[in-house]
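I have placed the structure first, in the form of structure tokens, so that the comments after it can refer back to it.
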Amino acid sequence: MDTAPANDRPDDQRQLDRSSYAEVQASAEFGELRGAHRSFAFPLTIAFVSWYLLYVLLSNYADGFMGTKVVGHINVALVFGLAQFLTTFLIAWWYSRHAATKLDPRAQAIKSRLEERS
């Protein structure tokens, strides 16, 4: 394997690297990997941002509802605020599982084939 920095390689080797990457990017396998990432990340991002905006809007415009006592001095606003943290950690855990099972194996296969060409 060539370990020379990209700037020290001859122009034809750098061109080969660029064309290899362009070829991989244009492949159906890479498109499937990108689609698997997007089909998970985009809907979850939209859902979380919507959930966050709901919390902000309720905090600003629904004082009565958010001030409703749940238990003792704990009100709906505090429960929703803590739920924001909980959903953040759950989404991170869920994405980690998704990446480890669905994305990483595909990415590793693509990377291995690309490294074999070099």
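The values are calculated or read from the model by the stated rules, or taken from the named source; none is laboratory data. Everything numeric here is computed off the predicted structure, so don't read it as measured data. Cβ: placed from backbone, ideal geometry, glycine included. Neighbour counts: every protein chain shown.
Structure values in brief
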item: Boolean, R113 is at pLDDT below 95, assigned to a helix (DSSP H, G or I) and not polar (S, T, N, Q); result: yes
item: Among the residues listed as A100, A4, A47, A22, the single one being of a type in the set (G, A, S), out of contact with any Leu (no Cβ under 6 Å at 6 or more places or on another chain), at pLDDT 95 or above and exposed (fewer than 11 other Cβ atoms within 10 Å of the Cβ); result: A100
item: Residue selected from region 71-89 under the condition under 23 Å from F48 (Cβ atoms) and exposed (fewer than 12 other Cβ atoms within 10 Å of the Cβ), by the criterion nearest to the chain's Cα centre (by Cα); result: F89
item: Within region 57-70, tally of residues that are surrounded by 10 or more Cβ atoms within 10 Å (Cβ to Cβ), part of a helix (DSSP H, G or I) and polar (S, T, N, Q); result: 1
item: Some residue of region 25-44 being under 25 Å from the mean Cα position of the chain (by Cα), assigned to a helix (DSSP H, G or I) and loosely packed, with under 10 Cβ neighbours inside 10 Å; result: yes
item: Subset of region 90-118 [within 13 Å of the chain's Cα centre (by Cα) and of a type in the set (S, T, Y)]; result: Y95, S96
item: Any hit, region 75-93, residues being without any contact (Cβ under 8 Å) to a residue 40 or more places away in the chain and in contact with a Gly (Cβ under 6 Å, 6 or more places away or on another chain); result: yes
